[in-house]
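The values are calculated or read from the model by the stated rules, or taken from the named source; none is laboratory data. The shown structure was predicted, so the numbers you read here are calculated from the model rather than taken from an experiment. When we count neighbours, we look across all protein chains shown, and the Cβ atoms used for this are built from the backbone with ideal geometry, even at glycine. What goes into the accessible areas is simple: the full protein's heavy atoms, side chains included, and nothing from ligands, DNA or RNA. Shrake-Rupley method; radii C 1.70, N 1.55, O 1.52, S 1.80 Å.
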Amino acid sequence: MELYFCTDIHGSDKMWRKFLSAEKFYRANVLVLGGDVVGKGLVAVHPEGRGYWTDFLGEKLMARPGEELDELLRRIRAFGMYPVVATDVEVGLWETNPQAYEAAFQAAVTESVHRWLAELARRKTPDTRIIVTCGNDDPRYVDAIFQSCSDIIFGENEVTDLGEGFTMLNMGWSNVTPWNTHREATEEELAARIERMALSVPDMERCVFNIHVPPYNSGLDNGPVLDSEMRPAPGQTVPVGSHAVREGILRFQPLLSLHGHVHESRGVTKLGRTVCINPGSSYTEGVLQGVLVRLDKEKGLVSYSPMQG
Amino acid sequence: MSDTTVEQAGSTKSVFLRQSSGLVRAFTWWDGLIYNIYAISVVAACSLIFTLTFVFPGANLPLGIVIACLAFVPGCVVYAMLTTIMPRAGGDYVWQSRILGGFWGFWFVFFPLAVGATIFIVSNVLPGAVAFLSPLLYVLGTELGISSLQQFGNWIATSGGQFWFFVVFLAWAAFVVGSGMRFYARVQRYLFFIGMIGLVTWLVGMLIVSHDAFKTNFNSILANQYHWGTTDAYGKILADAKKAGFSAVSLSGTNLGDTILIGPILAYIFAGVFWVGNLSGEIGGVRQFGLSMRIYVGAILSAMVICGLLGFLMINLTGNEFYTSASYMWWAGGGSTYIPVAPWLTLILMSLSQSPAWWLWVLLTFGCWFMIWPTNNVVGGTRYVFAMAFDRILPARFASVSGKNSPIFAIGVYVVVSLVMGWLYYFGNLASIILDQAILLTAGFAVTILAGTLFPYLPATRQRYFDSPLGKYKFVGIPLITLMGVLSLIYFAFLLGEYAFNPTYGTNNLSSAAFLGGGMVLSAVLYFGTRMYRQRHGVNMRRVYEEIPEE
């Protein structure tokens, strides 16, 4: 079995399309998207005269209707942001009314995810399993959209069958972050969630953990030290992973443990017998970082290759 | 979580970010700049490389420094752009392999830069023992009447002494780098500022001490401390060099041709400006082009000012004829059998004053730069190995990271290989090929610049380049990265051409060809051997380097 895992694509259309292409490109028969699928924000595209303009990546971009506008929207979506054609009145409302902004954001996310799933339905090979889970940055309303899609397995908070006797334990929740994101829990709660699922795993030596947050102090979880105004302190990092995840891995010793969450802390390490991997994320650069894993029903974990596609 | 680029985008009125998590890296751009100034090796410049320029007696050293540094500026722009678009640990390898293809990336980085780094650290530690610690201990021993200190000073300059000095240094380097980049950055910062105090003291000393006072002190040290048998060591060196056929000229008698020809010698240090590329994945904020530019262009211009000023003041103080004659007599006139101590750096420093307190102050403060500078060979070398292991072209274990995010296994291997190289250098025949480092460095970096030049034109990478925020920079329709790349490659072609065809640089000989050719052949064998091995285990190495198509 060839399993391809990537994570933290944060709304990037380009990353989603590459994720779908991984099936044929890497000849993978199981694709796993490990959470943080929703983008970071909206980009207002302002109508002006007969065209449109926006400020994006420090550059003022102009476009005429038609191909130029399509190209502009493509660039913004590739970067993981949601372009919204909006009048000055609408933009003013976003700035002053959080609910108006949230409504516009939810609409953009919903449209984007539906578009992704439509594309998946068009491209998916029937025998390929596609597992999607969430991350702490994903609003809860996306669960229902993914659950309604029969082409994917929405594995969040479940143990999923991978085939050939292998299972995958999925959890998108993280320990508490300074940003108060959508799926955060105390270490005790995380430990309870992991235990509840792990106890239903028939064979840990054939189980892959897909837990968004990496284990604490594993080298896969170095994040910034923040000052009182939430600004990163220059050059200072601390482990930001979860103690419960670390203890869970050490206690249950699954075959493999896959993580994300901390984009620039990509790496491989071992906790006890378990190989732990964070492939990292460079979605803003247009690069899909992932890991290709070969599992064999006799030999277990045969190989793993981090990819930068 | 998010990253700093997205945060930056939030500064415009079109972009509306939601509340979500964020991440930065262990190094700041300021740490990156310091790292790069270290990589340019001001210490090596003063203690070693400047002295080698005597082979072109008509060269104007300060002007040569300015020309060489300015010639590297276009390459710095290419590196800054690559760093902004693809900030990755093991930069050169990642950029070359993703743009030109996996084989080329491995071939031009593994031996020239990754293995090369184990040789660089050997030769970089050399000045510390010979030109820094040995004279300091010897003269202090003489002043204080401690003969064991004198003997230790003499011993440290022998092959055995140098080797053990290297072993101790390597242990220190492994400790600092293995403790994680956060700790490394802190140590680097403190030592940089202390070293800067030493540097400024030295510069001020050279400004206020007269040529005659220097001569008097120089003669006194060699007569009274080293018992060289003459009270006019200064005049003897000039006379002996002339007698041996060396044609020294004054600074006003130098010419532009020789000044340009010292470029390939100076490249040994100034090409170090590209070394920080290997760490670009660990520096926060480099996705902002301006910050990347500060790291590269800031470093080369800082080095130009520091080294140019040092070179000028040293020559102004000692006299160009004496400086080049002393270098000639050390390198071509018998070395330590001719004169008991290398007649540069420490001797020049000590000749500014006869006060042991002055010597201690300047040498210990300036020595702080030495304490951290060669360690960046370890940082760079291990980052290349880490990136290659992450691609599975080297064993996966090398990509393992410790809790401090240090590739601890890669560091261990690096230390062991460096020890072997050190042993070969001090007791074997490796010393004769040490000059080949310049070829290794320039070739490795030149291929990265070539990759940058082609980035906007290759079908596999074109879209990615123009989708990046830097895609908009053009000059008469030519992408900036290509324009700067072509300008830079002209200078690199000059450097490589000189190394290959001009015997003065000591690299166009059979042993160099065998060393370089052998290393490259072994690299190719390793690459294809690993590919076959991985293939047999079901890993398609070709796929590792290829970009996944969107459709």
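Could you grab the relative contact order for chain A? Cα pairs under 8 Å, six or more apart, rounded to a whole percent. Before the final figure, lay out the partial values.
On the way: 683 pairs, mean separation 59.3, N = 309.
Result for chain A is 19 percent.
Quick test of the membrane-span-like rule: which DSSP H helices of chain A reach at least 27 Å along their long axis (C-alpha atoms) with mean Kyte hydropathy at least -0.5?
Details: long enough: A:98-123 (37 Å, -0.31).
In chain A, the long hydrophobic H runs are A:98-123.
Enumerate the aspartates and glutamates that B:Lys215 could reach by cross-link, defined here as Cα to Cα under 12 Å, with residues fewer than 8 away along the same chain left out.
Counting by Cα, and skipping residues close in sequence, B:Lys215 has these aspartates and glutamates nearby: B:Asp232.
With the solvent-accessible surface defined on protein heavy atoms using a 1.4 Å probe, which residues belonging to segment A:22-44 display a reduction of at least 40 Å² in accessible area in the multichain context relative to the isolated chain?
A:Phe25, A:Lys40
Among the lysines, which fall within straight-line cross-link reach of A:Lys270, defined as a Cα-Cα distance under 16 Å, with same-chain neighbours fewer than 8 residues apart omitted?
B:Lys404
Starting from segment A:1-99, pick out the trypsin sites (Lys or Arg not before Pro) whose DSSP state is loop and whose Cβ has at most 16 other Cβ atoms within 10 Å.
Details: sites: A:Lys14, A:Arg17, A:Lys18, A:Lys24, A:Arg27, A:Lys40, A:Arg50, A:Lys60, A:Arg74, A:Arg75, A:Arg77; in loops: A:Arg27, A:Lys40, A:Arg50.
Taking segment A:1-99 and a limit of 16 other Cβ atoms within 10 Å, the loop trypsin sites (Lys or Arg not before Pro) found are A:Arg27, A:Arg50.
Over all residues in A:276-286, what is the mean tally of Cβ atoms on other chains that come within 10 Å of each residue's Cβ?
Mean inter-chain Cβ contacts per residue within 10 Å come to 4.
Return the distance in nm (one decimal) between the two label points of a simple spin-label model at B:Thr230 and A:Ala121, each offset 7 Å from Cα along Cα→Cβ.
With each label placed 7 Å out from Cα toward Cβ, I get 9.4 nm.
Counting alpha carbon pairs within less than 8 Å and at least 6 residues apart, what relative contact order, in whole percent, applies to chain B?
Numbers: 856 pairs, mean separation 168.7, N = 551.
Relative contact order here is 31 percent.
For segment A:100-234, what does the relative contact order come out to in percent, with C-alpha contacts under 8 Å and a separation of six or more? Could you put the intermediate results ahead of the total?
Working: 159 pairs, mean separation 27.1, N = 135.
Relative contact order for segment A:100-234 comes out at 20 percent.
How much mean residue ellipticity at 222 nm does chain A get from its helices, if each DSSP H run of length 4 or more adds -39500 (n - 2.57) and you divide by all residues, to the nearest 500 deg cm²/dmol? Let's see the in-between values first.
Numbers: 7 runs with 89 residues, N = 309.
Rounded to the nearest 500, the figure is -9000 deg cm²/dmol.
Between segment B:172-190 and segment B:206-282, how many Å separate their Cα centres?
Each part's Cα centre sits 33 Å from the other's.
Have a look at segment B:314-429 and give its Rg and Dmax from the Cα atoms, expressed in angstrom.
20.8, 58
So what is the calculated 222 nm ellipticity per residue for chain B, using -39500 (n - 2.57) for each DSSP H run with n of 4 or more, over all residues, to the nearest 500 deg cm²/dmol?
Working: 25 runs with 353 residues, N = 551.
Mean residue ellipticity at 222 nm (helix-derived): -20500 deg cm²/dmol.
I'd like the accessible area for B:Val66, computed on protein heavy atoms only with a 1.4 Å probe and all protein chains in place. Round to 10 Å², please.
Its accessible surface works out to 50 Å², give or take rounding.
In whole percent, and with a 1.4 Å probe on the protein chains, what portion of the accessible area of the protein assembly as shown is carbon and sulfur?
Details: 18280 of 30020 Å².
Of the solvent-accessible surface of the protein assembly as shown, carbon and sulfur hold 61 percent.
What is the P(r) of the protein assembly as shown, as percent of Cα-Cα pairs per 20 Å bin from 0?
Values per bin, smallest distances first: 15, 44, 28, 12, 1.
Which residue, chosen from B:Val200, B:Leu251, B:Ala241, occupies the Cα position most advanced towards the positive end of the dipole of segment B:143-287, where the dipole is computed from +1 (Lys, Arg) and -1 (Asp, Glu) charges on Cβ about the Cα centre?
B:Val200
Taking only protein heavy atoms into account and a 1.4 Å probe, give the accessible area per residue of the protein assembly as shown in Å².
With all protein chains present, the protein assembly as shown gives 35 Å² per residue.
With the convex hull built on the Cα atoms of chain B, state its orientation-averaged projected area in nm².
27.4 nm²
Give the longest segment of chain A that steers clear of GluC sites (Glu not before Pro) in DSSP loops with at most 10 neighbouring Cβ atoms within 10 Å, not counting the sites themselves. Working shown, then result.
Details: sites that count: A:Glu229, A:Glu298.
In chain A, the maximal stretch lacking such sites is A:1-228.
Ignoring ligands, DNA and RNA and using a 1.4 Å probe, state the total buried accessible area between A and B in Å², rounded to the nearest 100.
Values: alone 14390 and 21960 Å², together 30020 Å².
The buried area between A and B, both sides summed, comes to about 6300 Å².
Net charge within 14 Å of A:Pro126 by Cβ-Cβ distance, Lys/Arg positive one each and Asp/Glu negative one each, not counting A:Pro126 itself?
Details: positive: A:Lys24, A:Arg122, A:Arg123, A:Lys124, A:Arg129; negative: A:Glu23, A:Asp127, A:Asp151.
That sum, taken over residues with Cβ under 14 Å, equals +2.
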